[in-house]
């Protein structure tokens, strides 16, 4: 039986093309063609693919994929792996940013496919490009520029003003605590059991059948639907102050509202996709040592298209996780939300920028096109903000995705006393239901200062004050 090993031995290039060849092989076998004849056809396709570009020929998909691969490799061979000098990229709040994070952006600005870049004031060191980095590529997508937690995102739902009093009534406050704890799960590997799994129409999306990997991931994704991650992921309950400008944008009167705010991404599904395609990108980009985490995939390649489909499905899935949590909280509360705001901040979008189509990667950055609403959260104890974008082209229509870290997780754990964190939160009326020392508010930049540094990018229109904060305890799974 013809398999991948046979094909590699006969000179077929390693990679996704092998899967395309095997599909055609199985079609030939189903048609009753014997193995020797199939091998003869495949050998001829490998040597003369242009003979098989007629769409009527059964080997057409293989020939087209092979020609495209050779065209891509020829283009890559003719293009230097990196520029000698980085392109210029504007930086917001440079005085708050670690020089190593700035260097990471400059490295990305040396790629031959880079069109533009920018750095937000919450930026800190990440993998590939910094968290808070924005990079626009020409017809290419870079998995590490999207991030390991694909489609990490924010969502907020607000409820009637008379619900604000729940925080001052102990039985009602306790009801809020219980619904927050019971309607999601936190931590690495967190999932629902076989009898209480959540349901959402994202599970009916046809793209689950687009690749073998996505088919394999669907059951895991179903088990984790409606769960949250570890680290800085959270479910908060608090008070939202809506300004006059916010009232018009949100469609509610100016005033004070109860609100739930959540932060999480595409869970184990997204991490698996990111790791798989990051390895493929490294194999195909051939970048110099030290820059391999900037590896990218051409969107004309099979791998690039598979990643694009997978990333977008992860985005829909991450949104479904948030909607599932908010729907459950609303049901427990007995209220329909008056308004909702949501946005991704680890994703890549095809956008028109300066009259050309580019692929905009926002790794820890919020879309800020003119009039577009987004959420920029603070820490466990700082305020968070609903913002309206100003459409600044210099930032590639982007803003920060939060306050940004002042210190690493290890530094926070080793240097911030737990008693000091607890006192800090208590003074501000914040009750921490669970959360590790790595997420102590003292580990973060001042959100007001960060917002002031990007006044030309976004306008705050509503302010969220946390009252109950639920995160993974010390980065470990809670179920």
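Name the residues in the range 10-45 that are in a helix (DSSP H, G or I) and under 38 Å from the mean Cα position of the chain (by Cα), would you? 17, 18, 19, 20, 21, 22, 23, 24, 25, 26, 27 - these are the residues of the range 10-45 that are in a helix (DSSP H, G or I) and under 38 Å from the mean Cα position of the chain (by Cα). Name the single residue, out of those in the range 202-214 being touching a residue at least 12 places away in the same chain (Cβ under 8 Å) and part of a helix (DSSP H, G or I), that is farthest from residue 264 (Cα to Cα). The residue in question is 212. Looking across the range 253-285, the residues that are outside any helix (DSSP H, G or I) and under 28 Å from residue 315 (Cα atoms) come down to 258, 259, 260, 261, 262, 263, 264, 265, 266. For the range 188-199, the criterion of a residue being loosely packed, with under 11 Cβ neighbours inside 10 Å and in contact (Cβ under 8 Å) with a residue 60 or more places away in the chain is satisfied by no position.
Residue 266 falls short on exactly one of the conditions (1) under 30 Å from residue 410 (Cβ atoms); (2) surrounded by fewer than 22 Cβ atoms within 10 Å (Cβ to Cβ); (3) touching a residue at least 40 places away in the same chain (Cβ under 8 Å), and that condition is (2).
Here's the yes/no breakdown for (1) over 12 Å from the mean Cα position of the chain (by Cα); (2) under 19 Å from residue 227 (Cα atoms); (3) at pLDDT 95 or above:
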residue	(1), (2), (3)
247	yes, no, yes
256	yes, no, yes
272	yes, yes, yes
276	yes, no, yes
284	yes, no, no
290	yes, no, no
299	yes, no, no
303	yes, no, no
321	yes, yes, yes
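On the stretch given as the range 286-302, residues that are surrounded by fewer than 21 Cβ atoms within 10 Å (Cβ to Cβ) and in a helix (DSSP H, G or I) total 3. Could you check, for the range 354-373, whether at least one of its residues is under 30 Å from residue 173 (Cβ atoms) and not in a strand (DSSP E or B)? Taking every residue of the range 354-373 in turn, none turns out to be under 30 Å from residue 173 (Cβ atoms) and not in a strand (DSSP E or B). Annotation note: of 185, 181, the sole residue that is assigned to a helix (DSSP H, G or I) and assigned by TED's automatic domain parsing to the domain that holds residue 308 is 181.
Checked against (1) touching a helix residue (DSSP H, G or I) at 6+ places or on another chain (Cβ under 8 Å); (2) touching a residue at least 40 places away in the same chain (Cβ under 8 Å), residue 463 passes all but a single condition, namely (1). Here residue 61 does not fit the description of being in contact with a strand residue (DSSP E or B) (Cβ under 9 Å, 6 or more places away or on another chain) and without any contact (Cβ under 8 Å) to a residue 60 or more places away in the chain. Restricting attention to the range 332-353, the residues that are in a strand (DSSP E or B) and farther than 26 Å from residue 304 by Cα add up to 4.
The values are calculated or read from the model by the stated rules, or taken from the named source; none is laboratory data. All values derive from a computational prediction rather than experimental measurement. Please note: Cβ atoms are built from the backbone with ideal geometry, for glycine as well, and neighbour counts cover all protein chains shown.
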